[in-house]
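Reviewing the structure listed below.
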Amino acid sequence: MVHHQCKIVVPMSKEAYWKIIFSDEFDTFAAPYLKFKKIEIEHDTACTEPNILKRRVKVYPDYAIPSAMLWYLGQTEFHYIDVQQRDEAKQEIISHTIPPVHEDYLTISTRQYFEPIDDNSCTHIMEIEVSCSAWGIGTIVESAIVSGVEEGYGLLPKALEAFLASKANN
């Protein structure tokens, strides 16, 4: 099992950033910047907790997958599911990723939260936990996933910058 933490400094107040991050509008806009072909968002309308927003996001990474692997996965286009819970009271996002195969061997979860620095900036912190119990390759899979998540997380500032620029032009 791997526990890893990523941090980025965001040039916005914590309150302003919280209004944007993990919103449908931002996620849809940011997808290509984060190397996703597309995302499909489905809200859990049955959630009755007033401070909780639950959603499932089908994520289609933007990289080539051999057709034989797609066949093995039972997919025509590679994707995975991210089940997210946005807690308005705690201002944190918890997610659990459902891989396309071997869910019984592979678990991926994250916790994201935000710490103010000053009136114009905050730190976005993501804690990730990856566990792969596949004998012989578990640590390789865990390291590859953490590396991929960290790479994507590093692209977030450019996506945010482009999003804010697009809002300023409208």
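Structure values in brief
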{"read-out": "Lone qualifier among 54, 37, 58, 19 - being open to solvent by 30 Å² or more (accessible area, probe 1.4 Å), without any contact (Cβ under 8 Å) to a residue 12 or more places away in the chain and of a type in the set (Lys, Arg)", "value": "19"}
{"read-out": "Subset of segment 1-36 [more than 22 Å from residue 107 (Cα to Cα), in contact with a helix residue (DSSP H, G or I) (Cβ under 6 Å, 6 or more places away or on another chain) and in a helix (DSSP H, G or I)]", "value": "20, 26, 29, 30, 33"}
{"read-out": "Cross-chain or 6+ apart pairs with Cβ under 6 Å, segment 104-121 first and more than 14 Å from residue 6 (Cα to Cα), then open to solvent by less than 60 Å² (accessible area, probe 1.4 Å) and not in a strand (DSSP E or B)", "value": "105/134; 106/99; 116/14; 119/13"}
{"read-out": "Condition check for residue 16: modelled with pLDDT of 95 or more, of a type in the set (A, V, I, L, M, F, W, C), over 12 Å from the mean Cα position of the chain (by Cα) and at negative phi", "value": "yes"}
{"read-out": "Subset of segment 53-87 (residues that are among the acidic types (Asp, Glu) and at pLDDT 95 or above)", "value": "82, 87"}
{"read-out": "Residue that is in contact with a strand residue (DSSP E or B) (Cβ under 8 Å, 6 or more places away or on another chain) and more than 20 Å from residue 18 (Cα to Cα), where the choices are 63, 72, 80", "value": "80"}
{"read-out": "Any chance residue 108 is part of a strand (DSSP E or B) and under 17 Å from residue 59 (Cα atoms)", "value": "yes"}
{"read-out": "Filter result (hydrophobic (A, V, I, L, M, F, W, C), closer than 21 Å to residue 104 by Cβ and open to solvent by 80 Å² or more (accessible area, probe 1.4 Å)) within segment 115-170", "value": "135, 137, 140"}
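Per-residue answers, yes or no, for (1) over 28 Å from residue 103 (Cβ atoms); (2) assigned to a helix (DSSP H, G or I); (3) within 13 Å of the chain's Cα centre (by Cα); (4) without any contact (Cβ under 8 Å) to a residue 24 or more places away in the chain:
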site	(1), (2), (3), (4)
136	no, no, no, yes
142	no, yes, no, no
147	no, yes, no, yes
150	no, yes, yes, no
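The values are calculated or read from the model by the stated rules, or taken from the named source; none is laboratory data. Quick caveat, the model's predicted, so the values are computed rather than measured. So basically every Cβ, Gly included, is an ideal-geometry build from the backbone, and we count neighbours across all protein chains shown. With ligands, DNA and RNA removed, areas are computed over all heavy atoms of the protein, side chains included. Shrake-Rupley method; radii C 1.70, N 1.55, O 1.52, S 1.80 Å.
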